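The structure appears right after this line, and notes come after that.
The values are calculated or read from the model by the stated rules, or taken from the named source; none is laboratory data. Keep in mind it's a predicted model, so treat the numbers as computed, not measured. Positions of Cβ are backbone-derived with ideal geometry, glycine not excepted, and every protein chain shown enters the neighbour counts.
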Amino acid sequence: MTSISIATARPSLPALGTGLFVVVLIFTLSSAALQATVAAVGHRFQIEDAANVRADQAALFIAFATVIVRQLAMVTALAIIWTRAPANLLANLSPKSWTRRDIGRGLLWAVATYGVLAAYLVLLRLAGLDALLPQSTIGEEVTRSLPVLGLAGISAVLVAPVSEEFIFRGFLLNGLMRFGFWPAAFVSGFLFAAPHFDAASLVPFTLIGVVLAWLALSSGGLRQPIVFHTAFNTASFLTLLLR
């Protein structure tokens with residue numbers, strides 16, 4: 001199999017370049033809009049690293065709302081650029097197309113990967129390498145307000161799994177597959193890890209991106225990666241709530 005079969009054709013190189021530019025542009029503009037909006041209403045929002053967000057609850061609410069709008073805007077823009085994708089993607093993700101194998105295999109790989117990640121964290125702690133511990137992209141600040149917690153949950157558990165799989169595995173991986181699976185998997189995985197704003201997360205999340213790429217390729221679609229991503233984010237979100 002040389003292409004993830006969610007569309008009749010993979011993105012052309014010009015479409016791939018345009019798509020990446022548009023994604024970066026949307027990310028940059030939405031981040032600037034977030035800072036301007038928060039400042040205009042008299043609040044503050046500052047990311048020191050993935051674990052340390054200096055913001056009050058109103059600013060966090062605006063931030064998560066911005067993230068959700070940003071993800072939807074990115075998907076919409078890429079669907080327009082990759083003109084054949086929307087109808088085929090909807091067909092690929094329609095309720096009739098989901099099977100027990102999709103759910104079971106996605107969950108199995110999510111549990112296995114989460115277990116490996118947990119073992120990796122334990123080894124780092126035992127070795128005294130706390131500086132290399134990946135940080136959660138959602139900090140404990142979100143648990144102080146129910147509206148903020150709700151938006152954070154919607155973003156992490158519902159929006160991110162679908163939108164990020166479309167962006168990084170559906171569009172980007174598909175477009176890079178012309179250079180071979182491993183280059184495509186590692187490049188798309190690295191770009192998937194980079195927005196987590198944490199240097200320690202680059203290696204483990206890049207490798208998770210490679211696993212997701214393999215699931216997408218081997219299953220011929222995004223259903224299994226979405227199940228994996230949803231389960232992984234749900235486990236991380238529940239861990240945050242239980243601290």
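For region 157-202, taking the residues that are under 29 Å from A131 (Cα atoms) and part of a loop (DSSP other than H, G, I, E, B), the one that is modelled with the highest pLDDT is identified as D198. For region 1-103, the helices (runs of 4 or more DSSP H) that sit wholly inside it and include 1 or more residues that are at pLDDT 85 or above, surrounded by 14 or more Cβ atoms within 10 Å (Cβ to Cβ) and of a type outside the set (D, E) are 13-40, 57-81. On the stretch given as region 217-231, residues that are assigned to a helix (DSSP H, G or I) and crowded, with 22+ Cβ neighbours inside 10 Å total 8. Residues in region 108-129 that are under 19 Å from the mean Cα position of the chain (by Cα) and surrounded by 16 or more Cβ atoms within 10 Å (Cβ to Cβ): 5 in all.
Taking residues in region 200-220 that are among the aliphatic types (A, V, I, L, M), and partners anywhere that are part of a loop (DSSP other than H, G, I, E, B), the pairs with Cβ atoms closer than 7 Å and at least 6 places apart or on different chains are A200/L133; A200/P134; A200/Q135; A216/I4; A216/L222; L217/M1; L217/I4. Looking only at region 135-156, residues that are surrounded by 19 or more Cβ atoms within 10 Å (Cβ to Cβ), modelled with pLDDT of 90 or more and not aliphatic (A, V, I, L, M) come to 2 in all.
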